[in-house]
Amino acid sequence: MEKIIWQKLRNAQMGAKFRRQEPIVGFIVDFVAHDHRLVIELDGGQHADQAQYDERRTRMLEQAGFRVLRFWNNDVNDNLEGVLETIRTALSTTSVRRRDPLQQQRDKENSP
């Protein structure tokens, strides 16, 4: 399932740069858009048995300033467009922490 989502997230196709399998606060997250402080986790059947671990992990990521979206693998498989729309919505409602260097240069050129 990660490959399916990665094909949609990579190369800033959704308007944000995502990284895959990124270490954050001692955990390896599936995907992260650092500029938006957004983590995306895909959960398979094994996660049903580790709910407490996942809740702790989510709390720690949130304490570090990240918003965490979790999707079950079957959601990706059965409703990919709905998953992508949820990600788009999260990106659009999250302020960007870093600014585009090209935009910063344009701002400098246009300032008095």
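The numbers here are math on the coordinates, done by the rules we state, and not lab data. The structure presented is a predicted model; accordingly, all values stated were derived computationally and were not measured. Cβ: placed from backbone, ideal geometry, glycine included. Neighbour counts: every protein chain shown.
Using a cut-off of 13 Å between beta-carbons, work out the net charge of the residues near Leu61 (Lys and Arg +1, Asp and Glu -1, Leu61 not included).
That works out to 0.
Between Asp54 and Arg70, what length comes free when the chain is fully extended (0.36 nm per residue of separation minus the Cα-Cα distance, one decimal in nm)? Walk me through the numbers before you get to the answer.
Details: separation 16, 0.36 × 16 = 5.76 nm, distance 0.97 nm.
Length gained, Asp54 through Arg70: 4.8 nm.
Highest mean first, what order results for 35-43, 14-22 on Cβ atoms within 10 Å?
Top to bottom by mean Cβ count within 10 Å: 35-43, 14-22.
Could you tell me whether the stretch 32-89 comes out rounded, prolate or oblate from its Cα gyration tensor? Rule is a ≥ b ≥ c as square roots of the eigenvalues, rounded for a/c under 1.5, then prolate if a/b exceeds b/c, otherwise oblate.
Verdict is oblate for the stretch 32-89.
Give the whole-number value, in cubic angstrom per residue, of the convex hull volume spanned by the C-alpha atoms of the stretch 6-47.
Working: hull volume 3.2 nm³, N = 42.
Hull volume normalised by residue count: 75 Å³.
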